[in-house]
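The structure appears below as structure tokens.
The values are calculated or read from the model by the stated rules, or taken from the named source; none is laboratory data. As the structure is a computational prediction, the values presented were derived from the model and not from experiment. Every residue, glycine as well, gets a Cβ built from its backbone with ideal geometry; the counts of neighbours run over all protein chains shown.
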Amino acid sequence: MTKTPFVSLEKLKEIEGRIPTPFYLYDEKGIRENVRKIKKAFSWNPGYREYFAVKATPNPTLLQILKEEGCGADCSSLTELMLSDAVGLRDGEIMFSSNDTPDEDFLLAAKLGATINLDDFTHIEILDRLAGIPETISCRYNPGGVFKASNAIMDNPGESKYGFTRTQMTEGFQKLQKLGAKNFGIHSFLASNTTGNEYYPALAGVLFQLAVDLHRETGAHISFINLSGGVGVAYRPGQTPPDILKIGREVKKVYDEILVPAGMGDVALYTEMGRFLLGPYGILVAKAIREKHIYKEYIGLDACAANLMRPAMYGAYHHITVMGKENAPCDHKYDVTGGLCENNDKFAIDRMLPKIDMGDLLVLHDAGAHGHSMGYNYNGKLRSAEVLLHEDGSFDLIRRAETPADYFATLDFPGLPKNP
Ligand SMILES: *Cc1c(COP(=O)(O)O)cnc(C)c1O
């Protein structure tokens, strides 16, 4: 079982000639095809829109591509709102799904005309005081307890910090109605990185029934239901990726069962996918620069957990291809590491790989979402560049690598470099 990178060794060498490793590389063709497939899956719903979760990959060039394909942006912070504004997303094209929200974030969201998805009952008064309650508003729902799909426990909403309780949903809608809200949305995010096809349909069942009940209780007009993110990526070779077309069909069944008979067949569906949309279409490209032979065999890369944190943080699996050795036997067992002074800085532990030589280029797969964006500067390590590979084989630097001067930019101290 293996995974094939979307780029050849020759192309990587050409890119590396201009942009030194480590860098992230994104596949424009794959991204555009995937968005089109997602839109097709939900094309039965006339108001459908995907709001890309900006936090997954906050690069304006990528947001621009997604905008061209008809996506909006899902933001949860001031700077994510600023990015969405910069690419020209406006009004209904921005969803603001934040939590623990500072005043200035609410103010900017209101100014941009973003659709605000309130995380908490207490935020109603805060938003009213800051900017007034808009005509269209959304509330994030937390059902509590455990969330099951086909009898398997998917996650534990009772332990999650997000959303309104069931009672607060009713009270919140009533309060918002008094304050002038006319069109309501319902949002929930109950499980992350789900690789089966049952998560969205199960969530839809919960939210559609909630919409019918809230409409009956309060008379509120529900104009959209936001299934948010949570559709996963097949990080391991041999794992079956979610079938988005099937997921779309299954959600439609639930829609026809619950919403249509209630006379609510005009409700728009929204999604806020991050991982599923971009995950497989980005890779981290790094070079083997050191090897050591102690109690185990180690390969040291020029990238570290500061460039891709998921393995260190969650023990997440990212498949590795040693470029040019795709057909060589995987007869060497390595720990593949970065250079942080932290022993969890390992991209792979006891991974069977072909023999790695110094200078080999390694591809870490499925890093297109929650990859570069989770980068940090521990140990004074610098964040890597981001490169976009176009369909015709040309490529553009869409974010340069950080320099020491970037790292020191918030200090004013003699002897440290400054950017010109
Ligand atoms: C993180 C997040 C998403 C995207 O989640 P994925 O797992 O990347 O699909 C969507 N909506 C909200 C509110 C989020 O916080």
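Listed here are the residues, each with its yes/no results for (1) free of Cβ contacts under 8 Å to residues at least 60 places away in the same chain; (2) more than 30 Å from Arg310 (Cα to Cα); (3) within 16 Å of the ligand (Cβ to nearest atom); (4) not assigned by TED's automatic domain parsing to the domain that holds Gly315.
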position	(1), (2), (3), (4)
Thr167	yes, yes, no, yes
Gly180	yes, yes, no, yes
His187	no, no, yes, yes
Leu203	yes, no, yes, yes
Gly219	yes, yes, no, yes
Pro242	yes, no, yes, yes
Val254	yes, yes, no, yes
Pro261	yes, yes, no, yes
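From the list Thr57, Thr61, which one is within 15 Å of the ligand (Cβ to nearest atom) and assigned by TED's automatic domain parsing to the domain that holds Tyr162?
Thr57 is the lone residue from the list that is within 15 Å of the ligand (Cβ to nearest atom) and assigned by TED's automatic domain parsing to the domain that holds Tyr162.
Spot the failing condition for Gly282; the list is (1) free of Cβ contacts under 8 Å to residues at least 60 places away in the same chain; (2) within 30 Å of Asn226 (Cβ to Cβ), and only one is missed.
The single condition Gly282 does not satisfy is (1).
Could you check the stretch 280-326 and list, in sequence order, the residues that are within 19 Å of Asn343 (Cα to Cα), surrounded by fewer than 23 Cβ atoms within 10 Å (Cβ to Cβ), modelled with pLDDT of 95 or more and hydrophobic (A, V, I, L, M, F, W, C)?
Within the stretch 280-326, Ala288, Ile289, Ile294, Met309, Ala312, Ala316 qualify.
Filter the stretch 92-108 for residues that are within 12 Å of the ligand (Cβ to nearest atom), small (Gly, Ala, Ser) and either part of a loop (DSSP other than H, G, I, E, B) or surrounded by fewer than 21 Cβ atoms within 10 Å (Cβ to Cβ) (or both) and give the result.
Ser98
Please verify whether the stretch 26-36 includes one or more residues that are among the hydrophobic types (A, V, I, L, M, F, W, C) and within 16 Å of the ligand (Cβ to nearest atom).
For the stretch 26-36, residues among the hydrophobic types (A, V, I, L, M, F, W, C) and within 16 Å of the ligand (Cβ to nearest atom): present.
Answer with yes or no whether Arg140 is assigned by TED's automatic domain parsing to the domain that holds Ile247, among the basic types (Lys, Arg) and in a helix (DSSP H, G or I).
Criteria not met by Arg140.
Filter the stretch 1-19 down to residues that are part of a loop (DSSP other than H, G, I, E, B) and within 18 Å of Ala367 (Cα to Cα) and give me whichever is modelled with the lowest pLDDT.
Per the criteria, the residue is Thr2.
Taking the stated definitions as given, is Leu89 surrounded by 21 or more Cβ atoms within 10 Å (Cβ to Cβ), more than 15 Å from the chain's Cα centre (by Cα) and among the aliphatic types (A, V, I, L, M)?
So Leu89 fits the description; yes.
Given the criteria crowded, with 21+ Cβ neighbours inside 10 Å and either in contact (Cβ under 8 Å) with a residue 40 or more places away in the chain or of a type outside the set (D, E, K, R) (or both), does Phe6 qualify?
No; evaluated as a whole, the condition is false for this residue.
Quick one: count up the residues across the stretch 263-277 that are buried (at least 23 other Cβ atoms within 10 Å of the Cβ) and either within 26 Å of Leu214 (Cα to Cα) or away from the ligand (no atom under 16 Å from the Cβ) (or both).
Count: 6.
Counting only residues that are closer than 17 Å to Met169 by Cα, touching a Gly at 6+ places or on another chain (Cβ under 8 Å) and touching a residue at least 40 places away in the same chain (Cβ under 8 Å), how many does the stretch 136-152 have?
7
So, in the stretch 396-420, of the ones that are touching a residue at least 40 places away in the same chain (Cβ under 8 Å) and touching an Asp or Glu at 6+ places or on another chain (Cβ under 8 Å), which residue ends up surrounded by the most Cβ atoms within 10 Å (Cβ to Cβ)?
Of everything passing the filter in the stretch 396-420, Arg399 is surrounded by the most Cβ atoms within 10 Å (Cβ to Cβ).
Pick from the stretch 137-160 the residues that are over 17 Å from Ile186 (Cα atoms) and of a type in the set (D, E, K, R): which of them is surrounded by the most Cβ atoms within 10 Å (Cβ to Cβ)?
Checked the stretch 137-160; the qualifying residue surrounded by the most Cβ atoms within 10 Å (Cβ to Cβ) is Asp155.
Leu62: buried (at least 18 other Cβ atoms within 10 Å of the Cβ) and within 16 Å of the chain's Cα centre (by Cα), yes or no?
Yes.
Which of the residues spanning the stretch 189-201 are more than 12 Å from the ligand (Cβ to nearest atom) and at pLDDT below 95?
Gly196
Would you be able to tell me the number of residues in the stretch 296-332 that are over 29 Å from the mean Cα position of the chain (by Cα), more than 15 Å from Leu361 (Cβ to Cβ) and of a type in the set (A, V, I, L, M, F, W, C)?
Selection size over the stretch 296-332: 1.
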